[in-house]
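The values are calculated or read from the model by the stated rules, or taken from the named source; none is laboratory data. Worth saying up front: this structure is predicted, and the values here are computed from it rather than measured. Neighbour counts run over all protein chains shown; Cβ positions are idealised from the backbone, glycine included.
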Amino acid sequence: MAITTYAELQTAVGNWLHRADLSSQIPDFIVFGEKRIFRETRVRVMEAAFSDTMSSGVIAVPSDYLEFKSVYLDTSPTIKLGRVEASQIYDKYPTRATDGYPQFIAREGSNFIFGPYPSSDFTVKGIYYAQPTSIQSSANALFLANPDLYLYAALLAATPYLANDARIQVWENEYLKIQEQLRRQDKAEDASGGGLMVRAA
């Protein structure tokens, strides 16, 4: 059967588990499986553009932010920002006052901070991985493109109820295989369209 909706995913999980006594737990299995996916998956369909301007030396972290793929200072020329921990910013740049062009970015709570402390309200741009809306609310793009990943993640969330069920290892292998295929797919796409370059004589 096709799996394109939350209801269809619930049905599929029930069919694969073949455990009528676990029917009421299926929504939990899907939620827990999805949370694992969000922790472990970083693929192109989750990418979002980032563009914001500093205010008092900080920028608010987007509500759906998971992690940066790339981030830079929108100056001419642009300055790629290195990602460090907040403590490193304070250790290296203890004077939190106008100090030039930032070279580093760190997350501190709900804000990004910079080092050196910015001498102006610079604009920061880049690409970040955004957490999709939960499948319980809508059929997000990650789910629609990879319903098999969701299925295996949900099945694996049922593991505590399955004792030594031999299917667990099969499902884990399939889940990991899909994750690897997605990584390879993105890597191949990054290199696509670039023919061999011939150096001019």
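Just to be sure, is MET54 over 30 Å from SER138 (Cα atoms) and of a type in the set (A, V, I, L, M)? So MET54 fits the description; yes. Free of Cβ contacts under 8 Å to residues at least 12 places away in the same chain, among the hydroxyl-bearing types (Ser, Thr, Tyr) and farther than 26 Å from LYS187 by Cβ: is that true of SER110 in this structure? No, not satisfied. Among the helices (runs of 4 or more DSSP H) confined to region 80-194, the ones with at least 3 residues that are surrounded by 19 or more Cβ atoms within 10 Å (Cβ to Cβ) are located at 147-157, 167-190. Scanning region 14-24 for residues that are touching a residue at least 12 places away in the same chain (Cβ under 8 Å) and in contact with a helix residue (DSSP H, G or I) (Cβ under 7 Å, 6 or more places away or on another chain) yields a total of 4.
Residues of region 34-55 that are within 9 Å of the chain's Cα centre (by Cα) and either among the polar types (S, T, N, Q) or assigned to a loop (DSSP other than H, G, I, E, B) (or both): THR41, ARG42, VAL43.
This table checks each residue for (1) under 30 Å from ARG183 (Cβ atoms); (2) in contact with a Ser or Thr (Cβ under 8 Å, 6 or more places away or on another chain).
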site: THR4; (1), (2): yes, no
site: ARG19; (1), (2): no, no
site: SER23; (1), (2): no, no
site: ILE37; (1), (2): yes, no
site: ILE59; (1), (2): yes, yes
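Restricting SER51, SER56, SER23 to residues that are at pLDDT below 95, loosely packed, with under 15 Cβ neighbours inside 10 Å and more than 14 Å from ASP148 (Cα to Cα) narrows the list to SER56.
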